[in-house]
Amino acid sequence: MSIIPMLAVHDAAAAISFYQSVFGATEANRMVTEDGKTSHAEIRVGDARFMVADEFPEHNTAADTLGGTPVILYITVDDALETVNNAVAAGAAMLREVAAQPHGDLVGKIKDPFGHVWMVAEPLKTVPEEKKF
């Protein structure tokens, strides 16, 4: 059993490019409708996978079009600060600066240009004494 998130976005092709440049994602496959919209794409980041599709108003899906998203995606990376900085440079909004958290990860929070919120985490082996809560 597994859960695979599917993100509905305003411009799936641009979103896929963003995830490739910021998270090092690879595209496993993509299906495109006759009018050029992405109806389904599978993206992989490390061992994780998620799906991306253009929004289809008739399906009532799209983070920004619906006024926001109740979902936060938690992604682990090798360097949280570098990844967050790259995301902001690529158009993401900074929601929370990267900082050590009590649970032991270094975490920053961004909203991607397509309306989805990401917690970008770097697992820390030990939390420095000055960063413990």
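The values are calculated or read from the model by the stated rules, or taken from the named source; none is laboratory data. Just so it is clear, the model here is predicted, and its values are computed rather than measured. Neighbour counts are summed over all protein chains in view; Cβ atoms, including those assigned to glycine, are modelled from backbone coordinates with ideal geometry. Only protein heavy atoms, including side chains, enter the accessible area calculation; ligands, DNA and RNA are left aside. Shrake-Rupley method; radii C 1.70, N 1.55, O 1.52, S 1.80 Å.
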* Structure fact -> Ranking W118, A13, F56 by how far each Cα lies towards the positive end of the charge dipole of the chain (+1 on Lys and Arg Cβ, -1 on Asp and Glu Cβ), the top one is W118
* **Peptides ranked, highest mean first, by Cβ atoms within 10 Å: ranges 69-82, 106-119, 27-40** => 106-119, 69-82, 27-40
* **Of G68, H103, T33, farthest towards positive along the dipole that unit charges on Lys, Arg, Asp, Glu beta carbons give the chain** => H103
* To do: Starting from the amide H of V32, placed 1.01 Å from N in the peptide plane, find each other amide H under 5 Å away whose residue is 5 or more places distant or on another chain.
  => S39
* **Backbone HN-Hα couplings from phi across region 42-53 [Karplus 6.51/-1.76/1.60, Hz, Gly and Pro as x]** => 9, 10, 10, 10, x, 8, 8, 9, 8, 10, 9, 8
* With a 1.4 Å probe and every protein chain kept in, tell me what percent of the accessible surface of region 41-112 is carbon plus sulfur. => 50
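For I4, what is the net charge nearby, where nearby means another residue's Cβ is under 13 Å from its Cβ and Lys, Arg count +1, Asp, Glu -1?
0
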* How big, on average over all directions, is the shadow cast by the Cα convex hull of region 30-133, in nm²? -> 8.1
* **Phi-based couplings in Hz for region 73-84 (Karplus 6.51, -1.76, 1.60; Gly and Pro marked x)** => 9, 10, 10, 9, 9, 6, 9, 5, 5, 4, 5, 5
* Residue-span extension gain [T76 to E97] - 0.36 nm each, minus C-alpha spacing -> 6.0 nm
* To do: Can you tell me the dipole magnitude for the chain around its Cα centre, using point charges on the Cβ only (Lys, Arg +1; Asp, Glu -1), in Debye to the nearest 20?
  => 320
* With each run of n ≥ 4 DSSP H residues scored as -39500 (n - 2.57), what mean residue ellipticity at 222 nm is computed for the chain after dividing by its residue count and rounding to the nearest 500 deg cm²/dmol? -> -5000 deg cm²/dmol
